[in-house]
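> Take a look at the following structure, please.
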Amino acid sequence: MSWPLFTFGALGTIAGGLVAAATAPSPSEHGSWAAAYLVLVVGVAQIALAAGQAALSADLLSGRLVGLEAGAWTIANALVIAGTLAGIDALVYVGGALLVVALAMFAYAVRGTAGSLPRLDEQHMRWLLYAFRAVVLLLLVSIPIGLVLATVRGSG
């Protein structure tokens, strides 16, 4: 059910690699940042969220919720990237706010779940839930830090 998240995550990782390759002959701050952002946030983070969510709540997920998550995550990241590259702080802030909304949806999807992996016992599922929540928390903490860095870099 989480295939849109995995697909967009894989495409983000590939896009990051392509940006890195395209900007390698003439490296720039924006090119390096965009490549890293695409790989780490659009790609790896989305795949980690999708995998954790799929493992923890596969039976509870609706296609609508996954579609909303994928749409919010994709639009939010597009706004952050476009705003950063264009130097439009308002787009970056709206994108950051939408990332928070998307992360809330991810957290909501695994609320109170015992998990759905038949081979894992309750203790392992609990640790998987803790790891998932740690990823969400790390991303939540990273958003305001990224916004501050974007603002400082933009005004300097």
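The values are calculated or read from the model by the stated rules, or taken from the named source; none is laboratory data. No experiment lies behind these values; they were computed from the predicted model shown. Glycine gets a Cβ as well: all are built from the backbone with ideal geometry, and neighbour counts include every protein chain shown.
> Looking only at segment 25-76, which residues are surrounded by 15 or more Cβ atoms within 10 Å (Cβ to Cβ) and of a type in the set (S, T, N, Q)?
GLN46, GLN53, SER57, THR74
> Does segment 1-23 include one or more residues that are closer than 23 Å to TYR108 by Cα, more than 15 Å from the chain's Cα centre (by Cα) and touching a residue at least 12 places away in the same chain (Cβ under 8 Å)?
Within segment 1-23, one or more residues are closer than 23 Å to TYR108 by Cα, more than 15 Å from the chain's Cα centre (by Cα) and touching a residue at least 12 places away in the same chain (Cβ under 8 Å).
> Still on this structure: From the list LEU103, LEU79, pick out the single residue that is of a type outside the set (Asp, Glu), crowded, with 22+ Cβ neighbours inside 10 Å, part of a helix (DSSP H, G or I) and modelled with pLDDT of 95 or more.
LEU103
Each row is one residue, and each column tells you yes or no for (1) touching a Pro at 6+ places or on another chain (Cβ under 7 Å); (2) modelled with pLDDT of 90 or more; (3) surrounded by 13 or more Cβ atoms within 10 Å (Cβ to Cβ); (4) of a type in the set (S, T, N, Q).
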residue	(1), (2), (3), (4)
LEU117	no, no, yes, no
MET125	no, no, yes, no
LEU128	no, no, yes, no
SER142	no, yes, yes, yes
ILE145	no, yes, no, no
VAL148	no, no, no, no
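> Turning to a different aspect of this structure: What pairs come up if the first residue lies in segment 82-99 and is touching a residue at least 12 places away in the same chain (Cβ under 8 Å) and more than 20 Å from ALA72 (Cβ to Cβ), the second is in a helix (DSSP H, G or I) and not hydroxyl-bearing (Ser, Thr, Tyr), and their beta carbons are under 8 Å apart, counting only those six or more places apart or on different chains?
LEU85/HIS30; LEU85/ALA34; GLY87/GLY154; ASP89/GLY83; ASP89/ALA150; ASP89/GLY154
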